[in-house]
Amino acid sequence: MSDTLVKPSSAQPAPAAPKRRRNWLAIAATAVGLVLLVLLPVIIGTEVAYLKVAQYILIGAVGGIGLTLLVGQAGQLSLAHPFFLLVGAVSYAVLSGEAEADLVGLGLPPVIGLIGAVAVSGLLGLAFAPVAGRLRGIYLGVASLSLVFLGLWLGQSLESLTGGTSSGRTPPTFELFGFAFANSEPAPTILGVAIQKQQRLWFLFLALAVIAYLLARGAVRSRIGRAWRAVRDNEAAAAAMGVNVTRVKAGAFVVSSAYAGLAGVMTALWLDLVKPDENEFTGNYSLTVAIAFLAIVIIGGLGSVPGAVFGAVVVYGLQQFFLLGANEFGWFADAEFGGLTAVVLSAFVYGTAVVLVVLFEPGGAAAIGRRLVGRRAPAPVPAAPGGRDTPERNDDDPRA
Amino acid sequence: MSAGTRDEAAVAAEPPTGLRDDVRELVVEDLTLRFGGITALDAVSFTVAPGTVHALIGPNGAGKSSCFNVISGLYRPTRDPAPREPGVRHRVRAPREVRYGDADLTALSPHKLAALGIGRSFQNIALSPGSTVRDNVLTGRHVLTRGGFLSGGLRLPRTVREERRHTARAEEICDFLGLADRLDTVVGVLPYGVAKRVDIARALAIEPTLLLLDEPAAGLNATETAQMAVTITGLRDALGISVLLVEHDMGLVMGIADRVSVLDFGRLIADGPPAEVQADPGVIRAYLGTGEDETDDETDGGATADGGGDGVPS
């Protein structure tokens, strides 16, 4: 009776598995895309305002990637992202800033400050992990929301660190091996375009975002990514596979917080200012930002790293696009618009996008992208016995 | 036809691939589990000998799943505090009701079991529906591999090599279970019977020496159940490991088990080879209930419904 069974080491030829061919088209497209991104300051030229929009999108991308790993891959809902952004921004200013009258500053090299800020954010994420390990779903979301309020209060109380709500403090100029990310005279040029502070910051942000992206993609397709998904889908089964559920959940929170911390440092450099929010609804570390990051993750498709980048383009890009319109071309200046500002309008737009995604394509942009590329189109499969619905996503796909 | 796989002598003397020396004995001894006032398990003892297929059966609510969950570390046995006499120093020693080799399973977190070589499948498939078959089975390699966020994220050469090696092994295991052409299929779209095999493939991926199967035939049709029987005996023969299965399907159990333990109302009422257990009056009573007594009435014509338990028509 066991004759029909294939022995594990039998020499029976495996059915011709489709060889994973390198898709030269995709590689070429990626290369062209990267070159365009690197040359963006040249393409944009002197219109630095557009470059600022692009920089801002990268901040959203880095933070969004961190959140999609936590929410989409590890299955932990978090609204605490702005808190870790604030931690990152303030830590950078404290670690690398100079001590002034009322301000604490350690004066460390900015690279150390950046790495340290990421580490501090990750450690604070670890401190929250016991809570994250005990709650799930919407309960964890609400509990994590409390961190935003904690951040608001701490930011306003610890003026020696944050600079306070009235003036804030200036973050130290980023430097790498003696190369300052600031204006200089004379400035080096590429194709006739002077590479000044904003251009340099663009290159820095691009490098950080690419590193963040590649790390996340690698992690998702490796052992830790599988452990995240196992924990997300069934903790008992994950434990039976030897996954230390508590540790993996805590680890996901640490990674996500570290990403948020990096986005915080980038925010500080982008604004050239570290300033705690005045209230919980508006500002760079507020509830609005928590919702915006969630929108990035949902629009992009839960758990999809490229999706998070796309979501950042939609959410963070639109907001800055409308702001640009308001500043440059006087949009929304009409009183008839009834208090419609760039931020409010972009919130409406991405709010609509979230509703549309949830209604029509729960897999988000990642699922749409997969369908466009035409890979592994999910065949119309009748519902399996047991009533499990057909998932639209394939979140271990390294190319997802 | 191959030599009878259920031939006891053959198993003891010359198992197909030679008895591995790392397959240990699973001992359940005097195991008690209570939920409030309800005794789910009452001093249950049995032993899963290395290299055997051992079935744990019983009517609904007999305590099979509870027993299974204690073994896999999800429940802890209930231990009554020993009566203490004042002035006497009591040496407290953990009873170690469930042991695998030297390891005390009652003191381990569930995630430590995989490292001991104990794999388990789930009654209601507990796979990641959005991941491919290959990815799900690779999850079983967790304890056999190393690396966290950074080594995975950086795709260090060592990590990539390890990944490749373990992927090859996972695919081999899928091949073994007839899943070779489904490797890239997302689990959520698979038919139930195939998904069950993926669940077992994942449990096998931890390279277990003891495989715990929770109702492997639940929800399967007759053909799929027959296939499952072939799979279970086949993997025992090919890998030389022990299998403990909790099962409702008597046909499956009696066909493949080397030994059967029967639970009823939390007590072990029989333990032995299938044929012996099948003929056990207590087992027949537990499964057929009063119907068996009615049979008594017909044949003997005088036995009372309650007291006639001993008289079993042979």
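Pulled fully out, how much extra length does the chain show between A:Ala26 and A:Phe329, if you take 0.36 nm times their separation in residues and subtract their Cα-Cα distance?
That pair, A:Ala26 and A:Phe329, stretches by 105.3 nm at full extension.
Would you grab the residues whose amide H sits under 5 Å from the one on B:Leu245? Only those 5+ places off in sequence or on another chain, please, with H modelled 1.01 Å from N.
B:His54, B:Ala55, B:Leu56, B:Leu213
Taking K and R as +1 and D and E as -1, what net charge do the other residues with C-beta under 11 Å from the C-beta of B:Leu144 add up to?
Overall, the nearby charge balance is +3.
Would you calculate, for chain A, the mean residue ellipticity at 222 nm contributed by helices, counting each DSSP H stretch of 4 or more residues as -39,500 (n - 2.57) and dividing by all residues, to the nearest 500?
Roughly -20500 deg cm²/dmol at 222 nm, from the helical runs in chain A.
Thinking of the range A:46-285 as a set of Cα atoms, what percent of all their pairs are more than 24 Å apart?
Tail fraction, whole percent: 47.
Answer rounded, prolate or oblate for the range A:211-292, using the Cα gyration tensor with square roots of eigenvalues a ≥ b ≥ c: rounded when a/c is under 1.5, else prolate when a/b is larger than b/c, else oblate.
Note, shape of the range A:211-292 comes out prolate.
Counting pairs of alpha carbon atoms under 8 Å apart in space and at least six apart in sequence, what relative contact order in percent does the range B:126-206 give?
It comes to 55 percent, rounded to a whole number.
With label points built 7 Å along Cα→Cβ from the Cα atoms of A:Val48 and A:Arg134, find their separation and express it in nm.
5.0
Any idea what the alpha-carbon Rg over 2.2 N^0.38 Å comes to for the range B:126-206?
Rounded to two decimals, the normalised Rg is 1.09.
Quickly work out the A:Glu100-to-A:Asp272 label distance, labels modelled 7 Å from Cα along the C-beta direction, and quote it in nm with one decimal.
Result for the modelled spin labels: 1.4 nm.
Between the range A:153-167 and the range A:238-274, what is the separation of their alpha carbon centroids in Å?
For the range A:153-167 versus the range A:238-274, the Cα centre distance is 24 Å.
Pop a pseudo-label 7 angstrom from the Cα along the beta-carbon direction at both A:Ala236 and B:Leu74 and give the gap in nm to one decimal.
Simple spin-label model gives 0.2 nm for this pair.
Pull out the extension gain between B:Asp102 and B:Tyr192, defined as 0.36 nm times the separation in residues minus the alpha carbon to alpha carbon distance; nm, one decimal.
Stretched fully, the B:Asp102-B:Tyr192 segment lengthens by 28.7 nm.
When only alpha-carbon atoms count, how far does chain A stretch along each of its three principal axes, as whole angstroms with the largest first?
In descending order, the Cα extents are 84, 52, 49 Å.
Work out, step by step, the length gained on full extension between A:Val355 and A:Ala207: first 0.36 nm times the residue separation, then minus their alpha carbon distance; give nm to one decimal.
Length gained, A:Val355 through A:Ala207: 50.0 nm.
Kindly state, as a whole number, the per residue volume in cubic angstrom of the convex hull around the alpha carbon atoms of the range B:168-249.
90
How charged is the neighbourhood of A:Thr165? Take every other residue with its Cβ under 11 Å from the Cβ of A:Thr165, and add Lys/Arg as +1 and Asp/Glu as -1.
-2
Just to check I understand the Karplus step: with θ = phi - 60° and J = 6.51 cos²θ - 1.76 cosθ + 1.60, what whole-Hz values come out for the range B:146-153, glycine and proline as x?
Per residue, the Karplus-derived 3J(HN,Hα) values read 10, x, x, 4, 6, 5, x, x Hz.
A short reminder: the numbers here are calculations on the coordinates, not readings from a lab. Because the structure is predicted, anything quoted here is derived from the model rather than measured. So basically every Cβ, Gly included, is an ideal-geometry build from the backbone, and we count neighbours across all protein chains shown.
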